[in-house]
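Before any comments, here is the structure.
Any read-out appearing in this document is the output of simple, stated calculations on the displayed coordinates, not a laboratory observation. From a predicted model like this one, the values you see are computed outputs, not experimental measurements. Cβ placement follows ideal geometry from the backbone for every residue including glycine, while neighbour counts extend to all protein chains displayed.
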Amino acid sequence: MRIPLNHFEQIVNKTIHKRGFFFFKNNFVIKPASLLKNLLSNGLMLLLFFVCLSFYSLEAQNTESESGDAYRVMFYNVENLFDPYDDSLKRDEEFTPDGERHWTNYKFYDKLNKIYKVIMAVGEWQPPAIVGLSELENRFVLEKLIWETPLKNFDYRIIHHESPDRRGIDVGLIYRASMFEPFHDEAIPVVFADDTSYKTRDILYVKGLVGGKQMVHIFVNHWPSRYGGYMATVIRRNEAAAILKQKTDSLLAVNPRSAIIIMGDFNDGPHDESFAKVLKAIMPESEIIPQNYYNLSLLKQDDWNFGTLKYRESWDIFDQVVVSGNLLMENADLMIKDKKACIFHADFLLEKDNTYLGFKPFRTFTGFKYNGGYSDHLPVYLDLIIKNK
């Protein structure tokens, strides 16, 4: 197994933490400091690396042999991934060097590298097989992401359609060609009967084989925002949910065993109308019926009591994963590990909240002020398991 050199810190950190040798904080070993000093001075750090790698490899092999092959699926709202060039057909003037945000080539590439870091960190030892993304300006920014960062070493490919969104932002998907083979993709328009002039992001639908064995249906979403207030905008998200459900229901009508994964930034929480009443996505701990929808974000995450984004003092879970019951059935050939999705909340994605206390996402912009962070959202992910036969 070839591990890139920039995974060294992760490998050592995870292994020694599990083994109880010592631990890292903010990229520095804090106990015992003398041990690190000696290791660095006499070159034994390399030996420690291989010891840690051998421990991890043994554990990873045991996990795979017991449960099957794992394929990580991730979603991330990357907060305004714009290129610095003016597009006359879009409202992107603020994301140019002379615009209100003074968006330069340097800031653009810095953000690309930050997104790369997040994707690699979520993937741990293998970058995710499938990554859904939102708040993208165009295909060009995705090309830069997979070809001009170290992601180029993992054979990622792009699925993207231009959306009619007024700000010019889209959803997209990147995938590792060795792990996922798409057969069909399309942009599902989100059109509102009462106001056809209202433009928002399409829903991206991708159908393909995971691991060359199991067919999955993936929907990447970014529903209308709450700008203007919840009550004034709730109808928009309810209609988006209805359009999505019409498509997923049609798949289940043709094949009741369809494996469906719905992910995105929905600008609604798991208890809001769009999920509870329209999509009818219920608790995974309920009775599992193959054709029902289950919201994995309804499960409490033991090591994270907050959400995926924060507004003032309140955390919300707008970034969610919903699946069809087929993926939660016992002894299924394709299933979700532990029947859950996780919020990735690494320390480097958070910063202190001096106004409302606690922590908040380390975002790229605070208003129009450049903050130099990652995103105003935290990513979510799950693991698809193909059982060994």
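Brief remarks on what is shown
- Reach of LYS90 by Cα under 23 Å, taken over lysines that are not fewer than 8 positions away in the same chain: LYS107, LYS111, LYS144, LYS199, LYS369
- Between PHE183 and ASP69, full extension at 0.36 nm per residue minus the direct alpha carbon distance yields a gain of 38.9 nm.
- In this simple spin-label model, placing a label point 7 Å from the Cα along the Cα-to-Cβ direction at both GLU143 and PHE365 gives a separation of 2.4 nm.
- Debye equation applied to the C-alpha atoms of segment 151-260, log10 I(q)/I(0) at 0.14, 0.19, 0.20, 0.23 Å⁻¹: -0.65, -1.02, -1.08, -1.26
- Evaluated with a Cβ-only charge set (Lys, Arg +1; Asp, Glu -1), segment 299-389 carries a dipole of roughly 120 debye about its Cα centre, given to the nearest 20.
- Within segment 202-217: backbone nitrogen closer than 18 Å to the ASN255 label point (7 Å, Cα to C-beta): 205-217
- Dipole magnitude for segment 162-295: about 120 debye, using +1 per Lys or Arg Cβ and -1 per Asp or Glu Cβ, origin at the Cα centre.
- Legend: ranking of residues HIS102, HIS184 from fewest to most surrounding C-beta atoms inside 10 Å; resulting order HIS184, HIS102.
- The Cβ shell under 11 Å around ILE288 holds other residues with a net charge of -2, Lys and Arg each +1, Asp and Glu each -1.
- Proxy reagent accessibility, fewest Cβ within 10 Å first, across MET335, MET329, MET283: MET283, MET329, MET335
- Its Cα gyration tensor gives segment 68-386 an equivalent ellipsoid; the semi-axes, largest first and in whole Å, are 28, 22, 21.
- Partner lysines for LYS280 [C-alpha distance under 16 Å; skip if fewer than 8 residues away on the same chain]: LYS245, LYS247
- Percent of C-alpha pairs per 10 Å bin, segment 105-180, short to long: 19, 54, 24, 3
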